[in-house]
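Below is one structure, written out as structure tokens, with a few remarks after it.
The values are calculated or read from the model by the stated rules, or taken from the named source; none is laboratory data. Quick caveat, the model's predicted, so the values are computed rather than measured. We place every Cβ from the backbone using ideal geometry, glycine too, and count neighbours over all the protein chains shown. Surface accessibility is based on the protein's heavy atoms, side chains included, excluding ligands, DNA and RNA. Shrake-Rupley method; radii C 1.70, N 1.55, O 1.52, S 1.80 Å.
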Amino acid sequence: MAAELEPPAYAVHLAGPFDLGRLAKLHRSCFDDPWTKTDLAHLLALPGGLGLIVRTEGLRRLGFETRRSIGFSLCRVARDESELLSLGVAPWARRLGIGTLLVRDSTRRCQMAGAQRMFLEVAVDNPEAHALYRQEGFEEVGRREGYYRRANGQRVTAVTMRADL
Ligand SMILES: CC(C)(COP(=O)(O)OP(=O)(O)OC[C@H]1O[C@@H](n2cnc3c(N)ncnc32)[C@H](O)[C@@H]1OP(=O)(O)O)[C@@H](O)C(=O)NCCC(=O)NCCS
């Protein structure tokens, strides 16, 4: 019997404890200072912590349903403010609108939880993310010199951005 392949449509899901391995794998594929499952579990357990994961709807092969995780976001809401703590899309799935989908869903859910603003930090040398955030209404409001430390020890400035929700 020939393998049955369907177009891999995707959907956003709330991330829970069963997604920690998937989130850690995605984070590792996106950043050179990966967060462990324990780091991620702590973030999700914070008051106001919220994780989203984008997964394919299922690719049927020889009767088995397979799903691939392709993007994630982590945010936190505290009263009327929220923070986008991390966002990433698997390298093979970039430039398909998944980052935009995650930013929009994150801001929408944080707004529903009472936030009126969202803040985030992004490395000064990350033009792809800057373009995405500007496109979604974020503006630069400050800088933190040497905030990030790369695997090679290099220090990189963080740009703080803000959007009204
Ligand atoms: C930044 C990132 C999340 C973007 O995800 P994505 O799914 O590729 O983003 P989208 O397809 O929704 O792109 C939205 C917009 O972002 C900008 N953008 C994304 N990738 C880009 C690239 N390689 N070059 C230039 N602009 C880019 C474009 O303005 C794009 O809009 P357009 O496609 O209409 O031109 C992804 O590149 C990533 O995971 N990078 C590594 C992790 C990271 O840097 N996370 C953010 C840290 S704060």
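From the list Leu87, Leu23, Leu40, pick out the single residue that is closer than 25 Å to Glu145 by Cα and surrounded by 20 or more Cβ atoms within 10 Å (Cβ to Cβ).
Residue meeting the stated conditions: Leu87.
For residues in region 130-165 being open to solvent by 90 Å² or more (accessible area, probe 1.4 Å) and among the polar types (S, T, N, Q), which is nearest to the chain's Cα centre (by Cα)?
In this case the residue turns out to be Gln135.
So which of Tyr133, Tyr147 ends up being over 27 Å from Phe18 (Cα atoms) and at pLDDT below 95?
Every option except Tyr147 fails the conditions.
Is it the case that some residue within region 65-78 is open to solvent by less than 20 Å² (accessible area, probe 1.4 Å), near the ligand (Cβ under 7 Å from one of its atoms) and not aliphatic (A, V, I, L, M)?
Yes: region 65-78 contains one or more residues that are open to solvent by less than 20 Å² (accessible area, probe 1.4 Å), near the ligand (Cβ under 7 Å from one of its atoms) and not aliphatic (A, V, I, L, M).
Of all strands (runs of 3 or more DSSP E) completely enclosed by region 37-112, which ones contain at least 2 residues that are farther than 25 Å from Thr160 by Cβ and out of contact with any Pro (no Cβ under 6 Å at 6 or more places or on another chain)?
Result: 49-56, 59-61, 64-66, 69-78.
So how many residues does region 94-113 have that are away from the ligand (no atom under 12 Å from the Cβ) and open to solvent by 40 Å² or more (accessible area, probe 1.4 Å)?
Total meeting the criteria: 5.
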